[in-house]
Amino acid sequence: MSDVEEAITQAHREEWARVVAALTRRFGDLDIAEEAAAEAFATAVARWPADGVPPNPGAWLTTTANNKAIDRLRRENKRDDKHKEAQMVYDDPPEPLGAIDDERLRLIFTCCHPALAIETRVALTLRMVGGLTVPEIARAFLVQEATMGQRITRAKAKIKAARIPYRVPSAEDLPARISGVLAVLFLVFNEGYLATGPDTDPVRQDLTAEAIRLARLIRALMPNDGEVAGLLALMLLTEARRTARVSASGELVALDEQDRGAWDAALIAEGHRLVRERLAAAAAGMAPGRYQILAAINAVHTSARDARDTDWSQVVALYDQLIRVEPTPIVALNRAIAAAELDGPEVALAAVDRLDDKLAGYHAYHATRADLLRRLGRSQDSRAAYDKAIELAGNTAETAYLTRRRDQLG
């Protein structure tokens, strides 16, 4: 990759959400914002190799995108009134900043309006804020690409028709809006931590860092919300392991094989502190939600100095608690993985096989079966399961890991 190509890739990672948010603020239209931002990046691809990378790529992209948006409004069916309205918004002085004000946070709350279905809120925000492609989002949701594209298009149209405001909600509105926002941030983080695109880096630190940054902002908005604290703790404890997760050769490193000395001690300490706060709240009668339980599971893993010291009985007990809160096939799959350490691979495999009709298109289901079958000495069946997992996996580091494990079967 040339220096210019690298600069464009970096600019897309760092500036996409800022550009889209700035244009949404000025023009009040997600379609215009997204299209103009995409055109600005396309212009950068065409011009930067000849003209050089500008000193401030973000400012260049925002100015170019603004011009593209105004050009589009001028072209559309002599919409003079619309153009004047847009130009007035464009010329308005910026609003004074409050104690917590961030264009990207506003954009998330706009995309996560309760008028939209929860799946739609998540998908739209992954596209508009995370800058993920429609295929990447479709893989995250285990749905067809065309279905996801239609979902995002309809969501933008609904926001426009309903005149949904571009703002952070007032304090009394926050509790009703927060669940969708947390779901969005969790998926943005997950896409960064284990990127699904075959042409992307296996770990996208830009997405994990942005998800953590926004989670910190929301925690400052809602310091007493247990699930906000739980999600932030979960992200920190997961991010702490990032540098140990991919080998020098580009292969995923399983949790039990990671160099725990390479984990980020400061992030672990902060995550553990948040988990202890939530445990104290649970002891006082406040039932923990999904993210708090997931954070507690990660706290158990990151408390063990060696993988062999992991308290698997506690992990299974926490998954039992989680499955009551979130009775999904993926939670059941993860519980079975933990149960294999207590009850053995045969019991775990029986539990996993019961999920076949629900998770047949999910690569981690087949990877889990492959490992359990390997441990049971069923090499031929294990190889077939690895083949299916490799076929479905999009992450390059994960594919390399699964391929090596399969080839070790002989």
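Accessible area per residue for the range 208-277 is 41 Å², calculated with a 1.4 Å probe on protein heavy atoms, without ligands, DNA or RNA. A cut-off under 14 angstrom between Cβ atoms defines the neighbours of Gln258, and their net charge, with Lys, Arg +1 and Asp, Glu -1, is -2.
Along each principal axis, taking the top coordinate minus the bottom one, the Cα set of the range 162-255 gives 50, 30, 15 Å in descending order. Element breakdown for the chain at a 1.4 angstrom probe: carbon and sulfur atoms account for 51% of the accessible area. For the pair Ala50 and Gln205, label points projected 7 Å from Cα toward Cβ lie 3.5 nm apart.
Ligands, DNA and RNA aside, Trp16 has an accessible area near 10 Å² when probed at 1.4 Å.
Between Ser379 and Arg305, what's the calculated FRET efficiency when r is the beta-carbon distance and R0 is 35 Å? Round to 0.05. The calculated FRET efficiency here is 0.60. Average 1/r across all pairs of distinct alpha carbons in the range 315-410, invert it, and you get the Kirkwood radius: 13.5 Å.
For the range 155-241, GluC sites (Glu not before Pro) meeting the loop criterion (DSSP other than H, G, I, E, B) and having at most 14 other Cβ atoms within 10 Å: Glu172. Taking the square roots of five times each eigenvalue of the Cα gyration tensor of the range 186-303, the equivalent ellipsoid has semi-axes of 26, 16, 11 Å, listed largest first. Normalising the Debye intensity of the range 1-51 to I(0), with uniform scatterers on Cα atoms only, and taking log10 at q = 0.22, 0.28, 0.30 Å⁻¹ returns -0.77, -1.01, -1.08. For the chain, the 222 nm mean residue ellipticity estimated from helices alone, with every DSSP H stretch of n ≥ 4 adding -39500 (n - 2.57) and the total spread over all residues, rounds to -23000 deg cm²/dmol.
The value for the chain of Rg(Cα) / (2.2 N^0.38 Å) is 1.06. The 1.4 Å probe gives accessible areas that order Asp206, Asp311, Asp256, largest first, as Asp256, Asp311, Asp206. Using heavy atoms of the protein chains and a probe of 1.4 Å, the accessible area assigned to Ser303 is about 80 Å².
The values are calculated or read from the model by the stated rules, or taken from the named source; none is laboratory data. It should be emphasised that the depicted structure is a prediction, and the values quoted were computed from it without experimental measurement. A quick note on method: Cβ atoms are made from the backbone with ideal geometry, for glycine too, and the neighbour counts reach across all protein chains shown. Side chains included, ligands, DNA and RNA excluded: accessible areas come from the protein's heavy atoms. Shrake-Rupley method; radii C 1.70, N 1.55, O 1.52, S 1.80 Å.
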